[in-house]
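> I'd like to ask you about the structure that follows.
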């Protein structure tokens, strides 16, 4: 079965697996950076993915793009626990959020209030 591509600038979050999945479209929007970092604002309930030009503390290396099997998953159980507590989400659900690109800040911001549950059988 062919892999279906989701073309929204987005992320999916799964506390049960401890995984944050960054969509390829999000990385493309940021200009294919070598590194990214997360910025979380609990008061506004927003999560941002920001491109970073060099390796810094709390950064993640973006895998080189391969059209056959590119996948960018980050394991961050502690951060996901904080997000779930702030958002009061169901621990067994996976959430997808579309983002807004702010090129002047080199980031894509995700309003966690607009998260939607990924349905069974749907691609994360």
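Every number here is computed from the coordinates shown, using simple stated rules; none is lab data. Worth saying up front: this structure is predicted, and the values here are computed from it rather than measured. When we count neighbours, we look across all protein chains shown, and the Cβ atoms used for this are built from the backbone with ideal geometry, even at glycine.
> Hey, with R₀ at 25 Å, roughly what FRET efficiency would residue 57 and residue 16 work out to, going by the Cβ-Cβ distance, to 0.05?
Working: r = 28 Å, r/R0 = 1.10.
Between residue 57 and residue 16 the formula returns 0.35.
> Moving to a separate point now. Stretch residue 91-residue 73 to full length: gain in nm at 0.36 nm per residue minus the Cα-Cα span? Intermediate values should be presented prior to the final figure.
Numbers: separation 18, 0.36 × 18 = 6.48 nm, distance 1.84 nm.
Value of the extension gain: 4.6 nm.
> Separate question: Sticking with the crude label model, points 7 Å out along Cα→Cβ, report the distance from residue 65 to residue 34 in nm, one decimal please.
Roughly 1.8 nm, to one decimal.
> Only helical DSSP H runs with n ≥ 4 go in: add -39500 (n - 2.57) per run for the chain, normalise by residue count and round the 222 nm mean residue ellipticity to 500 deg cm²/dmol. Intermediate values should be presented prior to the final figure.
Working: 2 runs with 17 residues, N = 124.
Calculated at 222 nm, the ellipticity per residue is -4000 deg cm²/dmol.
> Okay, moving on. Give the separation of the Cα centroids, the stretch 93-107 to the stretch 14-70, in Å.
Going from one Cα centre to the other spans 10 Å.
> Let me ask something else. What is the Cα convex hull volume of the chain when expressed per residue in Å³?
Values: hull volume 13.2 nm³, N = 124.
So the per-residue Cα hull volume is 106 Å³.
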